[in-house]
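Just below is one structure, and these are the notes that go with it.
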Amino acid sequence: MVADATPALQLDRVAKTYRIGDEHVHVLVDCDLTVRAGEFVVITGPSGAGKSTLLHVAGGLDAPDRGTVSVSGHDLWSMNRRARAAFRRRHLGFVFQFFNLVPMLSAVENVSLPLVLDGTPARVADARGAELLDRVGLTGRRHHRPAELSGGQMQRVAVARALVTRPSVLLADEPTGNLDKQSSTEVLDLLRSLCQEDSTAVILVTHDPAAIGYGSRTLHIIDGNARSADATGIGGDG
């Protein structure tokens, strides 16, 4: 069987500029990026280089000024707002530094929430949520609320939620930023293993030197473009 040649994510000559006072800041400049199914791409760079902007544009959260963004062959920014929101909910997963869990919901309810919002019956959605919590090692924490979980456990719930719809692409923005060293290692191990098991494309932006070695490929944002870390002299040991 021939593998699908369509990239999971493709950015073609994407540009994004912000105006700050009288100054125009060119954050992304004709940025190209192709990520295949099952790839784990780590993107590094200094604060303000455009790492989070790249993720937001790739994830349909912030419109580019120019260029195209395709997810599994679908042009994200040619869709209208409603269609893009529905597509994002079904085909893209997000993991953030601050977890973004709903405080009054249990772990399993947080994980199943994207399915419920998409019209899946609660019983079916919760069963899928419980399955994901099992996979991330939180079987005994299904009914705990976020306040009853550690930071590492909350991020595991966030990872499970990001994967609950079986997305083509998972976008992780500083997922270890609020975690201690052990929890960071556990979350990075989890993301890599789930990426391999499900052939999900993972794009992770980070300041964490320990995360660099986890990627099948490491890129560095320089002058608005994502370049190979090898080409920029960025070492794999941080």
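The values are calculated or read from the model by the stated rules, or taken from the named source; none is laboratory data. Bear in mind that the values here come from a model prediction, so they are computed numbers and not experimental data. Cβ sites come from the backbone with ideal geometry, for glycine too, and all protein chains shown count toward neighbours. To get the accessible areas, we keep the full protein, side chains included, count just its heavy atoms, and leave off ligands, DNA and RNA. Shrake-Rupley method; radii C 1.70, N 1.55, O 1.52, S 1.80 Å.
Only one residue in T17, T6 is open to solvent by 10 Å² or more (accessible area, probe 1.4 Å) and either among the charged types (D, E, K, R) or closer than 17 Å to N225 by Cβ (or both). Which one?
Just one listed residue meets the conditions, T17.
Suppose we keep only residues that are more than 16 Å from the chain's Cα centre (by Cα) and farther than 19 Å from D65 by Cβ within segment 39-49. Which one would you say is surrounded by the most Cβ atoms within 10 Å (Cβ to Cβ)?
The selected residue is G45.
Just to be sure I understand, how many residues within segment 96-139 are more than 19 Å from the chain's Cα centre (by Cα) and open to solvent by less than 50 Å² (accessible area, probe 1.4 Å)?
9
I221: on the phi < 0 side of the Ramachandran plot, aliphatic (A, V, I, L, M) and in a helix (DSSP H, G or I), yes or no?
In short, no.
Is it the case that segment 175-197 has a residue that's open to solvent by 30 Å² or more (accessible area, probe 1.4 Å), small (G, A, S) and modelled with pLDDT of 90 or more?
No: zero hits.
I'd like to verify a number: residues in segment 110-119 that are farther than 14 Å from R166 by Cα and hydroxyl-bearing (S, T, Y), how many?
Number satisfying all stated conditions: 0.
Pairs needed: first member in segment 69-85, over 17 Å from D12 (Cα atoms) and open to solvent by less than 60 Å² (accessible area, probe 1.4 Å); second member anywhere, not aliphatic (A, V, I, L, M) and not in a strand (DSSP E or B); C-beta distance under 8 Å; at least 6 residues apart or different chains.
Sorted first by the residue in segment 69-85, then by its partner, the pairs are R84/G60; R84/W77; A85/G60.
Filter segment 20-38 for residues that are open to solvent by 40 Å² or more (accessible area, probe 1.4 Å) and closer than 29 Å to L194 by Cα; which is farthest from the chain's Cα centre (by Cα)?
The extreme case among them is D32.
Considering only segment 109-138, state which residues are touching a Lys or Arg at 6+ places or on another chain (Cβ under 7 Å) and more than 24 Å from L204 (Cα to Cα).
Matches in segment 109-138: L117, D118, A130.
Would you confirm whether any residue within segment 125-139 is in a strand (DSSP E or B) and out of contact with any His (no Cβ under 7 Å at 6 or more places or on another chain)?
The answer is no, given that none of the residues of segment 125-139 is in a strand (DSSP E or B) and out of contact with any His (no Cβ under 7 Å at 6 or more places or on another chain).
Kindly list the number of the only condition in (1) charged (D, E, K, R); (2) on the phi < 0 side of the Ramachandran plot; (3) touching a residue at least 40 places away in the same chain (Cβ under 8 Å) that fails for R156.
That leaves (3) as the condition not met.
Please specify each residue of segment 58-103 satisfying the condition of being assigned to a helix (DSSP H, G or I) and either at positive phi or of a type in the set (S, T, N, Q) (or both).
S78 - this is the single residue of segment 58-103 that is assigned to a helix (DSSP H, G or I) and either at positive phi or of a type in the set (S, T, N, Q) (or both).
Can you name the condition, by its number, that L171 falls short on among (1) assigned to a helix (DSSP H, G or I); (2) in contact with a strand residue (DSSP E or B) (Cβ under 8 Å, 6 or more places away or on another chain)?
In the conditions (1) assigned to a helix (DSSP H, G or I); (2) in contact with a strand residue (DSSP E or B) (Cβ under 8 Å, 6 or more places away or on another chain), L171 misses (1) alone.
Do the conditions hold for G93, that is, is it open to solvent by less than 40 Å² (accessible area, probe 1.4 Å) and touching a Cys at 6+ places or on another chain (Cβ under 8 Å)?
Spelling it out, it is not the case that G93 is open to solvent by less than 40 Å² (accessible area, probe 1.4 Å) and touching a Cys at 6+ places or on another chain (Cβ under 8 Å).
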